[in-house]
């Protein structure tokens, strides 16, 4: 886990960001898009919304154990039951909200059930809050806001925050499917009965 320092001390509702320590969120690392071109820093006053994902207060049941049960004996939860039992701890949500306020960010929406806190602010505010550098980039003729490296959070939130989404808006690769077309003038009309019988015999039926 990468650790860096950040100057300053702020306290809000029991949460304190001290001179200290920012840690990388596992799995948040980003590499430059191949063939992308950096145009310069993102506009500091550009506004955006970012979603912070929070850990579950209780892990989901192991799927392997549930799969061994007969369907009638499996534990089927409603959406409300799932959110109540396996959503975020309200105390964790409060920690993220306090961090956001300290960073000058706006809490747009918070949901313990969905384990998310949506934040609003500027590029400059988010860059400082999550210790990232946001750039204006171009790839395949499309401009986007990108970043390289990991998203970082204060050490007090380590283990609480599992992901931060929306800092960059790079395009994602689109799958390209090719539909197989029959040759011109031909149409599949099925197999004749003798061919079907031969297939059944060869299959031991």
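The values are calculated or read from the model by the stated rules, or taken from the named source; none is laboratory data. Every value quoted in this text rests on a predicted model; they were computed, and no experiment measured them. No Cβ is skipped: glycine too gets one built from the backbone with ideal geometry, and neighbour counts run over all protein chains shown.
Just a few scattered comments:
- Some residue of segment 167-181 being surrounded by 14 or more Cβ atoms within 10 Å (Cβ to Cβ), in contact with a helix residue (DSSP H, G or I) (Cβ under 9 Å, 6 or more places away or on another chain), under 17 Å from residue 25 (Cα atoms) and modelled with pLDDT of 60 or more: yes
- Residue pairs meeting the criteria (Cβ under 7 Å; at least 6 apart or on separate chains; first over 27 Å from residue 162 (Cβ atoms), in segment 27-44; second outside any strand (DSSP E or B) and at pLDDT 95 or above): 43/123; 44/123; 44/124
- For the condition in contact with a helix residue (DSSP H, G or I) (Cβ under 6 Å, 6 or more places away or on another chain), assigned to a loop (DSSP other than H, G, I, E, B) and either surrounded by 11 or more Cβ atoms within 10 Å (Cβ to Cβ) or modelled with pLDDT of 95 or more (or both), residue 60 qualifies.
- A single member of 184, 110, 198 is surrounded by 11 or more Cβ atoms within 10 Å (Cβ to Cβ), farther than 26 Å from residue 43 by Cβ and at pLDDT below 95, and it is 198.
- Scanning segment 81-104 for residues that are under 21 Å from the mean Cα position of the chain (by Cα) and surrounded by fewer than 18 Cβ atoms within 10 Å (Cβ to Cβ) yields a total of 6.
- Test: residue in segment 139-148 that is within 30 Å of residue 81 (Cβ to Cβ) and either modelled with pLDDT under 95 or out of contact with any strand residue (DSSP E or B) (no Cβ under 6 Å at 6 or more places or on another chain) (or both): no
- Residue list for segment 132-152, restricted to those being surrounded by fewer than 19 Cβ atoms within 10 Å (Cβ to Cβ), in a loop (DSSP other than H, G, I, E, B) and touching a residue at least 24 places away in the same chain (Cβ under 8 Å): 133, 140, 148
- The criterion of being at pLDDT 95 or above and touching a strand residue (DSSP E or B) at 6+ places or on another chain (Cβ under 8 Å) holds for residue 131.
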